[in-house]
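Here's the structure we're looking at; comments come further down.
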Amino acid sequence: MTKYQTEDNDIKIMQLRSLCMVAERGTVSNAAENLFRTQSAVTRSLRDLEQTLSTALFERHSSGMLLTDAGKCVLPRAQRALGELQQIPAMMARFKQHGSHRDEAEPIWLFNVRRLQIFLRLFHLHHTQSVASALGISQPAVSAALKVLEKGAGVNLFQRSPKGMMPSTAAQEMAPHISRALNEIRHIPEDLAAHAGDIQGTVQVGALPLCRSSLLPRAIARLVAQHPSVKVVTNESAFSNLVTELRSGDVDLILGALRQNDSVPDLDNRVLFTEELVLLARPQHPLAGKPLLPANLGHTQWILPRENSPGRQLLDRAFQRLGMAPPTPVVESGDLAIIRGLLLNSDMVAAVSSHQLAYELRAGILKPLSFALPDTHRAIGLTLRQGALHSPATLALIASIDAEACTDAS
């Protein structure tokens with residue numbers, strides 16, 4: 001580990017709570033009064049956090065406590081993590097029976113990293129034994145943590161079923177907030193390392209088909225050449241799943257064809273360039289190199305994007321504008337390896353973005369057919385969570401993607 005690297009659960013939420021309150025109130029005594037803790041407990045909490053992070057967070061003066069540059073670096077993450085957790089009690093109140101709501105200054109029952117990790121694991125795995133094995137703890141410890149959370153929430157968070165412990169509606173509303181809080185804590189050592197001039201950490205990228213073969217690999221290669229301590233993890237799930245993970249902070253960005261996100265107002269789209277669909281085939285295809293009319297495509301075996309995908313919708317509209325019935329596929333796929341293999345070993349025709357198989361086009365391995373598809377331009381770019389405080393590694397990858405996109409445009 002480098003100086004600022006630490007395990008997530010080494011940073012205690014109660015320590016971050018002390019940091020935020022001392023920064024707000026200016027002295028340990030004022031912070032202790034607002035936290036209903038002793039001055040010695042607050043002082044010890046700050047000292048332990050500084051030891052964990054291997055840096056001083058405050059300058060101690062007779063007049064009070066002043067944040068150091070490192071403290072100013074940590075504070076925004078700490079505030080965001082606490083802010084996510086502090087929203088949960090009001091959400092839980094909606095699920096309680098009338099008259100059972102109680103006011104509480106702060107949700108102390110949520111201020112435990114391990115407890116939150118157990119909740120998220122059970123949320124995804126549905127079995128206490130699986131959670132215990134994954135986290136290296138006992139099954140009774142999992143049950144005890146769940147009991148504390150349900151008591152604090154005042155509602156059932158999981159329900160037993162033949163499929164295991166299934167999250168209730170209340171748990172489903174809690175989960176994104178807990179996930180975002182833990183991810184904010186995870187980025188604190190990375191922020192400190194970046195402050196000291198070392199970009200490190202892990203970037204989780206939602207990789208949509210359009211950018212998997214060229215733009216994203218080149219951007220990653222550029223990134224790790226400049227910042228060898230950065231790790232990139234790609235996620236090739238469906239767009240709807242990637243959006244869920246983006247909103248939870250488990251995915252840092254999505255790269256590919258942009259969607260209209262009117263139904264998800266907390267997302268931002270940033271256009272990098274536009275692309276249009278082309279029809280590709282192998283060079284030996286009977287239609288290759290010839291001017292084509294709609295009638296020439298009547299007996300074509302099609303490889304098309306999946307039904308209801310943006311590319312498929314554009315293609316269907318293009319054929320309708322040409323007065324043709326939308327093509328019927330023999331293969332639906334977004335996997336470039338499968339599409340490439342089918343094209344090279346058959347007389348099938350694929351409708352894809354030219355960017356997806358740019359290498360094959362430059363090398364002459366595949367050929368575009370001479371048949372224009374009207375109005376199939378679509379925006380390619382980044383989908384980001386609105387208002388997110390991106391990690392230094394994420395910002396570095398975004399800069400690399402921008403640089404590679406500019407190279408393509410020049």
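The values are calculated or read from the model by the stated rules, or taken from the named source; none is laboratory data. Computed from a predicted model, the values in this text were never measured in an experiment. Please note: Cβ atoms are built from the backbone with ideal geometry, for glycine as well, and neighbour counts cover all protein chains shown. The protein model used for the area step is the full one, side chains on, heavy atoms only, and it has no ligands, DNA or RNA in it. Shrake-Rupley method; radii C 1.70, N 1.55, O 1.52, S 1.80 Å.
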ask   = For labels at I137 and K231 in the simple 7 Å Cα→Cβ model, what's the distance in nm?
value = 2.2
note = Simple spin-label estimate for I108/Q386, 7 Å along Cα→Cβ, in nm, reads 3.7
request  = Per DSSP H run of at least 4 residues, take -39500 (n - 2.57); add these up for the chain, divide by its residues and hand me the 222 nm value, nearest 500 deg cm²/dmol.
outcome  = -14500 deg cm²/dmol
task = For the stretch 315-410, divide the Cα radius of gyration by the Kirkwood radius and give the resulting Rg/Rh value with two decimals.
result = 1.05
task = Starting from the Kirkwood radius over alpha-carbon pairs of the stretch 32-141, derive D by Stokes-Einstein at 20 °C in a medium of 1.002 mPa s and give it in µm² s⁻¹.
result = 125
ask   = In nm, what is the difference between 0.36 nm times the number of residues separating A90 and H195 and their Cα-Cα distance?
value = 34.3 nm
key: Options A171, T407, L223, ranked by Cα towards positive dipole end of the chain, top entry (Cβ charges)   = A171
request  = Please find, in a Gaussian network model of the chain (springs between Cα atoms separated by less than 10 Å), the residue of V224, V349, V330 whose mean-square fluctuation is greatest.
outcome  = V330
task = Output the pairs from K163/K231; K72/K231; K12/K163 with a Cα-Cα distance over 30 Å in this structure; if there are none, say none.
result = K163/K231; K12/K163
inquiry  = Taking 0.36 nm per residue of sequence separation and subtracting the Cα-Cα distance, how much length would be gained by fully extending the chain between S168 and N308, in nm to one decimal?
reply    = 47.4 nm
Nearest 10 degrees, 0 to 90: helix 13-25 Cα axis against the chain principal axis = 70
query = Roughly what angle does helix 215-226 make with the longest principal axis of the chain, taking Cα atoms, 0 to 90 degrees, to the nearest 10?
reply = 50
task = Using a 1.4 Å probe over the heavy atoms of the protein chains, calculate the carbon and sulfur portion of the accessible area of the chain as a whole percent.
result = 50
message = Can you tell me how the stretch 100-197 classifies by the Cα gyration tensor, rounded, prolate or oblate, using a/c under 1.5 as the rounded cut?
response = oblate
Label-point separation in nm, Q159 to C406, each point 7 Å along Cα→Cβ = 5.4
task = Hey, can you find the accessible area per residue of the chain for me, probe 1.4 Å, expressed in square angstrom?
result = 48
key: Anisotropy class of the chain from Cα gyration tensor, a/c 1.5 cut   = prolate
